[in-house]
Amino acid sequence: MATQVSGDRTAQVRIHLKTRSSDIELPEDTGPILVSTELKRYQLSTLVNRLLETEKPIPLEFLINGQFLRTSIDEFLTQNGISAETTLSVEYVKALIPPLYVASYEHDDWVSSVDVLSQSSRAAQWAGDRYDASTQRILSGGYDGLLRVWNMSSEVVATGQGHTASVKAARFMSPTQVVSSGFDRTLRLWKYEDAEAAGTASLTPTLELYGHKAAVDNIAVHAPSSRILSASSDHTVGIWSTKKAEGPAAPESLLPTANKRRKLSTAKTLPQRGPLSLLLGHQSQVSDVCFDEKDATVAYSSSWDHSVKTWDLTTSTCVDTRTTAQSLFSICHLPEASLLATGTVARHITLIDPRASATTISAMTLRGHTNAVVSLARDPNSSYQLVSGSHDGTCKVWDIRSVRNEAGSERVGDSVYTIERESAKGKPKSVAGEGVKVFSVAWDREVGVVSGGEDKRVQINKGLST
């Protein structure tokens, strides 16, 4: 028998409340509840908090048939042609707090890449006890060829100079090691020594990696296996070791000509190494690469040739290819959902199931951007949310539980929040994002959503709990 929680004479509907979050589950014997169809999100949230007997209210969102409830239940039923006689299955989730603007860090040139070091970041977790939990740093790579490490007071604590052209990607491998790549076709490893005051920390180059014959547009790192993956415009994916002893000699033909002169002098030179392997198969430039989040011997790459490839890194072989209808510019693994998110030139995000059992290429499409989607990052607090950075000058936050079915059984999702560039406030909005294109985005549990782009700024947005 349904519990009645509304005593007025308005229309009522039975709802069955469920969640996938074990920490906010209702008791198993909670049956259907009879509620007024006039209820909206806030009243439902109050109801669930009352049933959970929470000390402090937890803001909740509600999904019905994969769509977030943004109206009253009555309006939702009408819009979707659902009878009030049915028992509605209503999923509740912790509400995502709007990512509010926090700060911008100004650069001398376009910002191509961002990464975060914090207690919850992967680099810190890999390091374990060797990390000072109070330290938070932002790493940026720029078109001026420099790496910069910032403290949270918008001061540059360290600058790295070594690339001979624009930096395209930069990542913390550990709290004391940074990896970067660029238009100069190289990857470089750096020793990072931290300090809090502006200009007192240091980035010292320790290893140069040669093997690609064109720009190295993106990298992925995995400290436990000492491995780096690279995505290059030369159509290949590179596998590299951070250990000098493991890497083969750098190909002589790719070394800078100055090297020959250096050998004749007594000047100290950096160690140079080649790739463990170059993975062939893509027919156009490789835009992005990532490790499988649960198995670091597996990797995924996206390419302008429209395809996503799955690689067995142990044998350096391609084990699967999924071909889409558009050039792909970015990739991100969502392991709990068994999906790969890929950003496309066609302004949307295609979610691909890489498992052999998948019957379709596209499991879902996320629509809303008005230019190419060039960067993706997972929400560190959720299995279902991600953020995208686009050339339209925005970042968008998505929840893959929020989908609707369109004609032809296509599953489509809309963004939950849009993050505008603060530098564009008060200026005419450009659909194509001229002057404010976003090139890179990262999402950290403590620091928030960090993005960099054409406006020469690193921007921080964070959901601030009240």
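The values are calculated or read from the model by the stated rules, or taken from the named source; none is laboratory data. Fair warning: this is a prediction, and the values are worked out from it, not measured in the lab. Cβ sites come from the backbone with ideal geometry, for glycine too, and all protein chains shown count toward neighbours. The accessibility values were calculated without ligands, DNA or RNA, using every heavy atom of the protein model including side chains. Shrake-Rupley method; radii C 1.70, N 1.55, O 1.52, S 1.80 Å.
Tabulated values for the structure
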{"item": "Projected area averaged over orientations for the stretch 277-410, convex hull of C-alpha atoms, nm²", "result": "8.2 nm²"}
{"item": "The stretch 1-112, dipole about Cα centre (Lys/Arg Cβ +1, Asp/Glu Cβ -1), debye to the nearest 20", "result": "420 debye"}
{"item": "Chymotrypsin sites (Phe, Trp or Tyr not before Pro) lying in DSSP loop within the stretch 39-146, provided at most 10 other Cβ fall within 10 Å", "result": "none"}
{"item": "Of all accessible heavy-atom area on the chain, the percent that carbon and sulfur account for (1.4 Å)", "result": "48 percent"}
{"item": "The stretch 187-217: trypsin sites (Lys or Arg not before Pro) falling in loop per DSSP and having at most 15 other Cβ within 10 Å", "result": "Lys213"}
{"item": "Lys427/Ser153 FRET efficiency (R0 25 Å; Cβ-Cβ; nearest 0.05)", "result": "0.35"}
{"item": "Top positive-direction residue, dipole computed over the stretch 189-332 with Cβ charges, set Val286, Trp190, Gln272", "result": "Gln272"}
{"item": "Student exercise, the chain dipole from Lys, Arg, Asp, Glu Cβ charges, in Debye to nearest 20", "result": "1220 debye"}
{"item": "Relative pair counts by distance (%), Cα atoms of the stretch 1-135, 10 Å bins", "result": "10, 31, 23, 15, 14, 7, 0"}
{"item": "Set of lysines with alpha-carbon distance to Lys437 below 17 Å, sequence-local pairs under 8 removed", "result": "Lys168, Lys396, Lys425, Lys427, Lys429, Lys456"}
{"item": "Accessible area of the stretch 324-466 divided out per residue, in Å², using a probe of 1.4 angstrom", "result": "38 Å²"}
{"item": "Student exercise, the stretch 305-394 dipole from Lys, Arg, Asp, Glu Cβ charges, in Debye to nearest 20", "result": "140 debye"}
{"item": "Pairwise centroid distance, computed over Cα atoms, of the stretch 354-375 with the stretch 100-174, Å", "result": "29 Å"}
{"item": "Charge-dipole axis of the chain as Lys and Arg at +1 and Asp and Glu at -1 on Cβ define it, positive-most pick from Leu351, Gly81, Ser21", "result": "Leu351"}
{"item": "Local electrostatic count, Trp240, Cβ distance below 12 Å [Lys/Arg +1, Asp/Glu -1]", "result": "+3"}
{"item": "Mean residue ellipticity (222 nm) of the chain, computed from DSSP H runs ≥ 4 via -39,500 (n - 2.57), nearest 500", "result": "-2000 deg cm²/dmol"}
{"item": "Selected from Ile400, Ser72, Thr321, residue furthest toward positive end of dipole (the chain; charges at beta carbon)", "result": "Thr321"}
{"item": "Convex hull volume per residue in cubic angstrom - Cα atoms of the stretch 298-341", "result": "70 Å³"}
{"item": "Residues in the stretch 336-358 reached by a label modelled at Glu410 [backbone nitrogen below 18 Å; 7 Å Cα→Cβ]", "result": "341-353"}
{"item": "Near-label residues of the stretch 46-90 by backbone N, under 13 Å of a point 7 Å along Cα→Cβ of Ala11", "result": "72-86"}
{"item": "Degrees separating the helix 41-52 axis from the principal Cα axis of the chain, which is the longest one", "result": "90 degrees"}
{"item": "Accessible solvent surface per residue of the stretch 205-261, calculated while the other protein chains remain in place, 1.4 angstrom probe, Å²", "result": "39 Å²"}
{"item": "Surface per residue (accessible, 1.4 Å probe) for the stretch 99-179, Å²", "result": "39 Å²"}
{"item": "Rg/Rh (Cα only; Kirkwood hydrodynamic radius) as it applies to the chain", "result": "1.02"}
